[in-house]
1. Which residue pairs have Cβ atoms under 7 Å apart, sit 6 or more places apart or on different chains, and have a first residue in the stretch 117-138 that is surrounded by 14 or more Cβ atoms within 10 Å (Cβ to Cβ) and at pLDDT below 95 and a second that is assigned to a helix (DSSP H, G or I) and among the basic types (Lys, Arg)?
2. Which count do you get for residues in the stretch 23-79 that are within 16 Å of Cys105 (Cα to Cα), part of a strand (DSSP E or B) and among the charged types (D, E, K, R)?
3. Does Leu84 meet the test of being of a type in the set (A, V, I, L, M) and either over 24 Å from Arg13 (Cβ atoms) or modelled with pLDDT of 95 or more (or both)?
4. Can you name the condition, by its number, that Leu3 falls short on among (1) closer than 15 Å to Tyr152 by Cα; (2) touching a strand residue (DSSP E or B) at 6+ places or on another chain (Cβ under 9 Å); (3) hydrophobic (A, V, I, L, M, F, W, C)?
5. Looking at the structure I just gave you, is Ser111 among the small types (Gly, Ala, Ser), over 14 Å from Val18 (Cα atoms), without any contact (Cβ under 8 Å) to a residue 60 or more places away in the chain and exposed (fewer than 12 other Cβ atoms within 10 Å of the Cβ)?
6. With Ile104, Ile132, Ile148, Ile160 as the choices, which residue is part of a helix (DSSP H, G or I) and either of a type in the set (Ser, Thr, Tyr) or under 17 Å from the mean Cα position of the chain (by Cα) (or both)?
7. Does at least one position in the stretch 94-103 carry a residue that is out of contact with any Gly (no Cβ under 6 Å at 6 or more places or on another chain), under 30 Å from Met1 (Cβ atoms), surrounded by 13 or more Cβ atoms within 10 Å (Cβ to Cβ) and small (Gly, Ala, Ser)?
8. Kindly check whether there is at least one residue in the stretch 110-124 that is within 24 Å of Pro40 (Cα to Cα) and either in a loop (DSSP other than H, G, I, E, B) or in contact with an Asp or Glu (Cβ under 7 Å, 6 or more places away or on another chain) (or both).
Amino acid sequence: MKLDLTEISDHKRFEDLVVSYFEDLKSEQGNNITDIKIKPSGVGIDGGRDILITANITDGITTYNKTWVIQCKFHVKNISTDELKDINIPTLIHSYHAVGYLLICREKATSKLTDLFERLQQNCIFQNKYIIWSGEQFKTKILNREKILEQYFPEYYSYITKLKGAR
């Protein structure tokens with residue numbers, strides 16, 4: 001058995017999973033993050049922003065903030081530019097004084113969307129980041145986070161717990 005996002009029932013639960021992942025980063029050792037503020041957009045039309053993350057990061061000299069606009073797409077199909085056509089992503093990043101836009105998909109992004117993000121990043125005079133995580137990429141980020149697995153993936157968590165007990 002492998003970790004499967006079909007255990008997540010709907011888009012709201014998927015957003016909650018993403019929030020939990022970023023909350024869990026606070027407790028991770030060695031990542032230079034001193035605090036993370038997480039602001040979900042709430043119920044209703046979000047204008048391209050499901051979650052706003054502001055991380056306080058230290059470099060040994062000072063602490064500085066980095067804000068990310070995060071959009072979650074829980075579609076069963078690959079995400080195309082059509083799903084983001086009503087969002088001016090560069091303006092959205094600028095309006096939140098963010099360093100980038102992270103799109104987290106249940107499935108994958110189409111090559112057309114990936115190309116768009118690559119062009120936006122290459123041509124951005126402000127050096128903003130445009131990142132896409134596919135469902136597979138996101139699963140690798142949560143695979144060793146036991147608390148998250150237990151809360152959001154009970155079938156998988158039960159399976160791996162039994163495996164560990166059998167050793």
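1. none
2. Total satisfying the criteria: 1.
3. no
4. (2)
5. Here the answer is yes, as Ser111 does meet what is asked.
6. Ile148
7. no
8. No, the stretch 110-124 contains no residue that is within 24 Å of Pro40 (Cα to Cα) and either in a loop (DSSP other than H, G, I, E, B) or in contact with an Asp or Glu (Cβ under 7 Å, 6 or more places away or on another chain) (or both).
The values are calculated or read from the model by the stated rules, or taken from the named source; none is laboratory data. The structure presented is a predicted model; accordingly, all values stated were derived computationally and were not measured. All Cβ positions, glycine included, derive from the backbone under ideal geometry; neighbour counts span all protein chains shown.
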